[in-house]
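See structure below.
The values are calculated or read from the model by the stated rules, or taken from the named source; none is laboratory data. Small disclaimer: the values here were computed from a predicted structure and weren't measured. Heads up, the Cβs are rebuilt from the backbone with ideal geometry, glycines too, and the neighbour counts pull from every protein chain shown. Keep in mind that these areas ignore ligands, DNA and RNA; they rest on the heavy atoms of the full protein, side chains included. Shrake-Rupley method; radii C 1.70, N 1.55, O 1.52, S 1.80 Å.
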Amino acid sequence: MLPLWLIIALPLLGFVVTGLFGAKMPKPAAGAIASLMVGAAFVVALLHVLGGVPEKAISESVYTWIQIGNFKVDVSLLLDRLSAVMILIVTGIGFLIHVYSIGYMAHDHNDLEGTRYARFFSYLNLFIAFMALLVLADNYLLMFVGWEGVGLCSYFLIGFWFEREDAAEASKKAFIVNRIGDFGFLLGMLLIFLAVGSLNYQEVFAKVGELDSGTVGALGGATLITLLLALGAAGKSAQIPLYTWLPDAMAGPTPVSALIHAATMVTAGVYMCARSSVLFEAAPTTKLILCGIGAATALFAGLTALAHTDIKKVLAYSTVSQLGFMFMAVGAGAYIVAIFHVFTHAFFKACLFLGAGSVIHALGGEQDMRKMGGLAARMKTTNLTFMLSGLALAGAIPFAGFFSKDEIIGSVFAAGQAAGTNGIYAIFGSIGLLTALITAIYTGRQYSQVFLGESRWNATQHHGTEASDDKHAHHSVEPHESPAVMTIPLIILAVGAVFAGFLGFPNLPGVPESLHGFANFLAPVFASEHGEHAEHKANVVLLLIGAIIGWGGWIFGRGLGLKQAESAFWPESMSALSLDKVYNNTIVKLGYALAMAVRWIDENIVDGIVNGVGILVGQSAASLRLTQTSFVRNYALAMAVGGAMILAYFLTS
């Protein structure tokens, strides 16, 4: 069997080749090399999975990275059924997005010198390499390297069009906000090491009881550690209060949105929580908080999506909302269900983002849904794939999103019954149902505004990939279907959006056990960590409610979009849901005032003390300089006087 490190090394090789030599290659060649490297990594991962991933994890040590006394960290890779699912998502979806980008970025009118095309693909390859490292790491420190690496790559990719102010600001915002969460993750790792003396997953999980003893136990033990880890996850996976970076990140190229903000980076927090499930099981308070944060984020972002008319911003807030669902599942202890939603969401959300990119590409950079409409006949493939993926996002039966979203809501209600706190979990579950309805409404509305009704795109549009800074680059657009290199990935992703859900068929009476394929595959990972895996029985009533919500909300939103084709569901200014405004009026102003106060102290007190010491030393030196006359008689006189004083001291004492 091929070594696991090839999954990381291949895209890393693509990064080096395209980064060093890509600018001298024809555009398609650089894109093809980068895509080939990720495709090869997917093949290696697929061969490992097809070869059979055993119930017990496979560990592959590459070399010893750090060894100080008894502390040792290896660059060691772990393949179990959880990392197998994630690495297939990362490399498989990543490969399709790379292929799509070959056509999409070929007409980037911001690339005047023709060198950015290769740079874009080198960044994509580096991102895949770091994400693969994050997923395959067998210890927290190595995971943190991949964690920080994808954060760095997101800065590069979001700010790819750095000459645009919105892109430059968005990249800095994503980097800074994520640092807040990363600091929590780092503190959590330090406490784990203090408690058990190791950062290796298996060693940490085997000693989970020691987290509540000694110094770490006195500080809060497992609860404090998991809260810090959850803070890291909230930053990377865009949860309240750290979600504000993700909608702004839409300033980057659309393939970046599909890769980072739909299928990989933003799900890293969910993966980390699932990987650390044994720790979270030891901290029920953290789980309850996580479930509440997820529910609030899902509802908050869903309502905000109704207030937007930018095709990518709607999908961005939708991503935040869906991540909220995943955190609800983690908080309910349904880790398999959370990963199942990660799996299905990767297909339909990546397809929606790439479909949005196809529309933007066809309309010469237009992103305002109020200036679209009537595209179904002109962009048949994009229309069909966008509709199917939209139905999956809406949770319409029998599409993928229905199965995973219903499992989450059912798991939340079931968690309340199991924990004896049915009231609070019932509230969270009800919020999930309400958010599912809102999701179906804004998804149906978006589809109809973009593809149905009368065309509203005859006005002069920008010319270029998304929004160009060239104010003179306008033309009257004539929408057309995207080339095959862009539509083929859409078709493959749409197939996944339709059928992926059947891998996790609901646990209904009389349904064969073999249809619970996804849960059966992942069960050994979690059973080995915190007891026998117990999948909750599907609630038939909730299934029916979910089916009605999915289709009913979609149909209502579709009709609403036709009636309100040139407006949002409600004005963004009335939504009162922007945390950015709250932060700008509180934290930012407070931080600015604090910075100004520190600056005043620095200039008037610190500098005053430093300058005062300098003046004192200077004046003292000037006074002492008067004693340096260069006359020997003066020095002899001084020595005589000094000697007389010493002699007098001894004679009188």
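Test L2 against the criterion of being part of a loop (DSSP other than H, G, I, E, B) and surrounded by fewer than 24 Cβ atoms within 10 Å (Cβ to Cβ), and give yes or no.
Details: part of a loop (DSSP other than H, G, I, E, B): yes; surrounded by fewer than 24 Cβ atoms within 10 Å (Cβ to Cβ): yes.
Answer is yes for this residue.
Look through V38, V16, V99, V62 and report the one residue that is open to solvent by less than 30 Å² (accessible area, probe 1.4 Å) and hydrophobic (A, V, I, L, M, F, W, C). It would help to see each step written out before you state the result.
Numbers: V16 fails: open to solvent by less than 30 Å² (accessible area, probe 1.4 Å); V99 fails: open to solvent by less than 30 Å² (accessible area, probe 1.4 Å); V62 fails: open to solvent by less than 30 Å² (accessible area, probe 1.4 Å).
Within the list V38, V16, V99, V62, the selection yields V38.
Out of the residues in the range 41-59 that are farther than 22 Å from N520 by Cα and out of contact with any Ser or Thr (no Cβ under 7 Å at 6 or more places or on another chain), which is surrounded by the fewest Cβ atoms within 10 Å (Cβ to Cβ)?
Per the criteria, the residue is V43.
Any residue at all in the range 220-240 that's open to solvent by 50 Å² or more (accessible area, probe 1.4 Å) and more than 30 Å from G302 (Cβ to Cβ)?
First pass over the range 220-240, keeping only residues open to solvent by 50 Å² or more (accessible area, probe 1.4 Å): 224, 227, 231.
Those still in the list that are more than 30 Å from G302 (Cβ to Cβ) too: 224.
Checking the range 220-240: at least one residue is open to solvent by 50 Å² or more (accessible area, probe 1.4 Å) and more than 30 Å from G302 (Cβ to Cβ).
Give me the residue from the range 149-164 that is modelled with pLDDT of 90 or more and open to solvent by 20 Å² or more (accessible area, probe 1.4 Å) and, out of that set, farthest from N178 (Cα to Cα).
F156
Just checking, does the range 387-397 include any residue being outside any helix (DSSP H, G or I), open to solvent by 20 Å² or more (accessible area, probe 1.4 Å), on the phi > 0 side of the Ramachandran plot and not acidic (D, E)?
no
Starting from residues that are open to solvent by 30 Å² or more (accessible area, probe 1.4 Å) and outside any helix (DSSP H, G or I), keep the ones in the range 103-113 and report whichever is modelled with the highest pLDDT. So that I can check it myself, show each step before the final result.
Residues of the range 103-113 open to solvent by 30 Å² or more (accessible area, probe 1.4 Å): 106-107, 109, 112-113.
Remaining after also requiring outside any helix (DSSP H, G or I): 109, 112-113.
Details: H109: 65, L112: 55, E113: 61.
The residue in question is H109.
With respect to A41, is the statement that it is over 25 Å from the mean Cα position of the chain (by Cα) and in a helix (DSSP H, G or I) true? Give the steps one after another, and end with the answer.
On the way: over 25 Å from the mean Cα position of the chain (by Cα): no; in a helix (DSSP H, G or I): yes.
For A41, the condition - over 25 Å from the mean Cα position of the chain (by Cα) and in a helix (DSSP H, G or I) - is not met.
Return only the number of the condition from (1) open to solvent by 30 Å² or more (accessible area, probe 1.4 Å); (2) at pLDDT 90 or above that L562 does not satisfy.
The failed condition is (2).
What residue, of D580, D607, is modelled with pLDDT of 80 or more, among the charged types (D, E, K, R) and surrounded by 10 or more Cβ atoms within 10 Å (Cβ to Cβ)?
On the way: D580 fails: modelled with pLDDT of 80 or more.
Testing whether each residue is modelled with pLDDT of 80 or more, among the charged types (D, E, K, R) and surrounded by 10 or more Cβ atoms within 10 Å (Cβ to Cβ) leaves just D607.
For every residue, the table says whether it meets (1) touching a residue at least 12 places away in the same chain (Cβ under 8 Å); (2) assigned to a helix (DSSP H, G or I); (3) of a type in the set (A, V, I, L, M, F, W, C).
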{"residue": "E60", "(1), (2), (3)": "yes, no, no"}
{"residue": "D74", "(1), (2), (3)": "yes, no, no"}
{"residue": "F95", "(1), (2), (3)": "yes, yes, yes"}
{"residue": "S122", "(1), (2), (3)": "yes, yes, no"}
{"residue": "A132", "(1), (2), (3)": "yes, yes, yes"}
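Of the residues that make up the range 437-458, is at least one assigned to a helix (DSSP H, G or I), among the small types (G, A, S), surrounded by fewer than 17 Cβ atoms within 10 Å (Cβ to Cβ) and modelled with pLDDT of 85 or more?
We begin by selecting, within the range 437-458, every residue assigned to a helix (DSSP H, G or I); these are 437-451.
Then keep just the ones that are among the small types (G, A, S); that gives 440, 444, 448.
Filter once more, so that each one left must be surrounded by fewer than 17 Cβ atoms within 10 Å (Cβ to Cβ): none.
No, the range 437-458 has no match at all.
Among the helices (runs of 4 or more DSSP H) lying completely within the range 264-364, list those that include at least 1 residues that are over 15 Å from A233 (Cβ atoms). Can you show your working first?
Working: elements: 268-275, 277-281, 284-305, 311-331, 335-362.
Filter on the range 264-364 gives 277-281, 284-305, 311-331, 335-362.
Quick check: is even one residue across the range 170-177 under 23 Å from the mean Cα position of the chain (by Cα) and of a type in the set (V, I, T)? Full working, then the answer.
First, the residues of the range 170-177 that are under 23 Å from the mean Cα position of the chain (by Cα): 170-177.
After this cut, where a residue has to be of a type in the set (V, I, T) as well, the list is 176-177.
Yes, there is a match, as at least one residue in the range 170-177 is under 23 Å from the mean Cα position of the chain (by Cα) and of a type in the set (V, I, T).
Residues are listed down the side, and each one gets a yes or a no for (1) surrounded by 24 or more Cβ atoms within 10 Å (Cβ to Cβ); (2) touching a residue at least 24 places away in the same chain (Cβ under 8 Å); (3) in contact with a helix residue (DSSP H, G or I) (Cβ under 6 Å, 6 or more places away or on another chain):
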site: C273; (1), (2), (3): yes, yes, yes
site: I289; (1), (2), (3): no, yes, no
site: A295; (1), (2), (3): yes, yes, yes
site: T304; (1), (2), (3): yes, yes, yes
site: T309; (1), (2), (3): no, yes, yes
site: Y317; (1), (2), (3): yes, yes, yes
site: Q322; (1), (2), (3): yes, yes, yes
site: M328; (1), (2), (3): yes, yes, yes
site: G331; (1), (2), (3): yes, yes, yes
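Please find, among T319, T344, T304, T385, the residue that is hydroxyl-bearing (S, T, Y) and farther than 18 Å from A497 by Cβ. Outline the logic, then answer.
On the way: T319 fails: farther than 18 Å from A497 by Cβ; T344 fails: farther than 18 Å from A497 by Cβ; T385 fails: farther than 18 Å from A497 by Cβ.
Just one listed residue meets the conditions, T304.
List pairs: first in the range 182-193 and aromatic (F, W, Y), second not in a helix (DSSP H, G or I), Cβ under 7 Å, 6+ apart or cross-chain?
F193/L199
Within the range 118-138, is even one residue touching a helix residue (DSSP H, G or I) at 6+ places or on another chain (Cβ under 6 Å), among the polar types (S, T, N, Q), farther than 28 Å from G188 by Cβ and open to solvent by 40 Å² or more (accessible area, probe 1.4 Å)?
no
All but one of (1) modelled with pLDDT of 90 or more; (2) not in a helix (DSSP H, G or I) hold for A547; state the number of the condition that does not hold.
(2)
Mind counting the residues in the range 46-55 that are out of contact with any helix residue (DSSP H, G or I) (no Cβ under 6 Å at 6 or more places or on another chain) and in contact (Cβ under 8 Å) with a residue 12 or more places away in the chain? Write out each step before concluding.
Applying the first criterion (out of contact with any helix residue (DSSP H, G or I) (no Cβ under 6 Å at 6 or more places or on another chain)) to the range 46-55 yields 46-48, 50-52, 54.
From the residues that got through so far, the ones that are in contact (Cβ under 8 Å) with a residue 12 or more places away in the chain too are 46-48, 51.
Summing the residues that are out of contact with any helix residue (DSSP H, G or I) (no Cβ under 6 Å at 6 or more places or on another chain) and in contact (Cβ under 8 Å) with a residue 12 or more places away in the chain in the range 46-55 gives 4.
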